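Structure record follows, encoded as structure tokens.
The values are calculated or read from the model by the stated rules, or taken from the named source; none is laboratory data. Here the structure is a predicted model, which is why all the values come from computation and not from measurement. Neighbour counts are summed over all protein chains in view; Cβ atoms, including those assigned to glycine, are modelled from backbone coordinates with ideal geometry. Note: areas computed on protein heavy atoms with side chains; ligands, DNA, RNA excluded. Shrake-Rupley method; radii C 1.70, N 1.55, O 1.52, S 1.80 Å.
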Amino acid sequence: MMNDNMNDQWNKYFFGEPTEEEKRELFSQLTKDEELKRDFAAMQNVVGLSGLLPREDDSLKGEQNLEALMLRQEKKQRKKQMARFIRYASSAAAMIALTWMLAWYIFADSETLSYTEITVPKGQRVHLTLPDGSEAWLSSLSTLKWPSVFSSDARTVVLDGEGFFTVTKDASRPFTVQTQKYDVRVLGTEFNVYAYGNSQKFETDLLSGKVQVISAEYPEETITLMPNEKVSLVEGKLMKSVSHFEGKEYREQGIYDFEEKPLGEVLERLEQWYDVSFVVDNPSLLDKIISGKFRQSDQIETILKAISRAGLFEYKIISLREITIY
């Protein structure tokens, strides 16, 4: 049964602005109570999904949802609580998917840990607050998985896609972003990771702090980055260079601004974000330098019209998934 104090803590965490001390107290209680830990994870699913919705009544609905959850918890035993809670979370996800077509999630429960997994729909981006207070901005078609409560000695999330992370400092618990090929390990910093599983491209840009990029297959292959440095996968090897990351406007407003970029790089981004495939008849076009600015929520044809106006290339939409560039 959840007491009034815990109820207030949940309200403040999900819908208010808790202090760092209040966050630590809440997470400490969750580590001691498996039932609360699982309930907390289920609530994260509901709130995480509702956080995708840019509607004025989100906060009110969220508070009403939480209040309903508390009432159910007070009336049901542990087993019935979880079954009903999961049904509630599923119905909330269905409502969101049917009404706004924004996201889907998986709630996986085990005896020891519960996980949240969210995949961002194409043409969207999502802002998340993780259990330790760290924040993540996820790009289109990116998937992030994280535990309801981080362990006492590590904080690990799994990323397939692109994410910008602002990590809460905690020297005793390194924060690690696991990707298919490389892990990015930090203590407290701001950095961007580009690592879609279906792409050969891998990049990490560091804005502040310090990170280590570690090969999952060859742990001895480790590169340390300092602010304004980046690491990229070039012909199968990690290469360090100067970072010119310009993602602030994208994170805050969903506007992607590319200046003097090769067409090939821009097309690769569009393929990842919009789940389309470009067929380029003339490979020399990929080296053409273009500039432009668009919202990630724009339709793919709108973007192609904008960046093709300089006459550098033409395009033809073959199907919803295939576009020819010539």
**Q.** Probe 1.4 Å, accessible area per residue of the range 102-230, Å²
**A.** 41
Q.
Need the C-alpha centroid separation for the range 258-326 versus the range 119-139, integer Å.
A. 25
**Q.** Other-chain or far-sequence residues with amide H under 5 Å of Ser114's (modelled H)
**A.** Ser148, Val149
Q: Please give the contour-minus-distance gain from Glu220 to Glu322: 0.36 nm per residue of separation, less the Cα-Cα distance, rounded to one decimal in nm.
A: 32.7 nm
Q | Net length gained if the chain between Lys305 and His127 were fully extended (0.36 nm per residue, minus Cα distance) | A | 61.2 nm
**Q.** Spin-label pair Lys293/Asp257, simplified geometry with 7 Å Cα→Cβ offset, distance in nm
**A.** 0.5
Q) Hey, any idea what % of the range 132-184's accessible area is carbon plus sulfur with a 1.4 Å probe? A) 48
**Q.** Of Lys201/Lys230; Lys201/Lys316; Lys122/Lys288; Lys181/Lys293; Lys181/Lys230; Lys261/Lys305, those spanning more than 21 Å from alpha-carbon to alpha-carbon
**A.** Lys201/Lys316; Lys122/Lys288; Lys181/Lys293
Q. In the range 210-326, carbon and sulfur make up what percent of the accessible area (probe 1.4 Å)?
A. 48
Q. Charges only on Cβ, +1 for Lys and Arg, -1 for Asp and Glu: so what's the dipole of the range 172-317 about the Cα centre, in debye to the nearest 20?
A. 240
Q: Using the heavy atoms of the protein chains and a 1.4 angstrom probe, tell me the accessible area per residue for the range 277-317 in square angstrom.
A: 62
